[in-house]
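The values are calculated or read from the model by the stated rules, or taken from the named source; none is laboratory data. Nothing here was measured: the structure is a model prediction, and the numbers come from that model. With ideal geometry, Cβ positions are generated from the backbone for all residues, glycine too; neighbour counts draw on all protein chains shown. Keep in mind that these areas ignore ligands, DNA and RNA; they rest on the heavy atoms of the full protein, side chains included. Shrake-Rupley method; radii C 1.70, N 1.55, O 1.52, S 1.80 Å.
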Amino acid sequence: MSDVINLRRERKRRKSVEDAKDAETNRRLFGRTKGQKMADSLEKQRLKTLLDGKNIFSLKDDGS
């Protein structure tokens with residue numbers, strides 16, 4: 001036969017496991033230092049500027 005389990009404890013255990021998964025996800029998304037965020041921002045800006053400089057036609061002026 002199966003073991004008898006306490007449903008309240010099982011719910012708490014499952015919630016704890018799910019909360020731990022959410023915490024891990026948030027650590028990966030938001031757990032960066034200010035320096036890392038600034039470096040990423042500067043890199044994005046540099047790449048955007050580099051890409052914009054290689055455009056033949058401007059989006060504002062269609063060349064007509």
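Leaving out ligands, DNA and RNA, and with a 1.4 Å probe, what % of the accessible surface on the chain is carbon or sulfur?
56
Once the C-beta distance of ASN55 and ARG27 is scaled by a Förster radius of 35 Å, the resulting FRET efficiency is 0.40 to the nearest 0.05.
For n ≥ 4 DSSP H runs only, could you compute -39500 (n - 2.57) per run for the chain, divide by its residues and tell me the 222 nm figure to the nearest 500? Could you put the intermediate results ahead of the total?
Details: 2 runs with 44 residues, N = 64.
The helix contribution divided over the chain gives -24000 deg cm²/dmol.
Angle of helix 7-30 to the longest C-alpha principal axis of the chain, folded into 0 to 90 degrees and rounded to 10: 20°. The separation of region 1-21 from region 34-50, counted between C-alpha centres, amounts to 44 Å.
With protein chains left intact and a 1.4 Å probe, residues in the chain average 106 Å² of accessible area per residue. Note on the chain: Cα Rg divided by 2.2 N^0.38 Å, N the number of residues, gives 2.34. Fully extending the segment from GLN36 to LYS48 would add 2.5 nm, taking 0.36 nm per residue of separation and subtracting the current Cα-Cα distance. Across the options PHE30, SER41, SER2, the greatest Cα extent toward the positive end of the charge dipole of the chain (unit charges at beta carbon of Lys, Arg, Asp, Glu) belongs to SER2.
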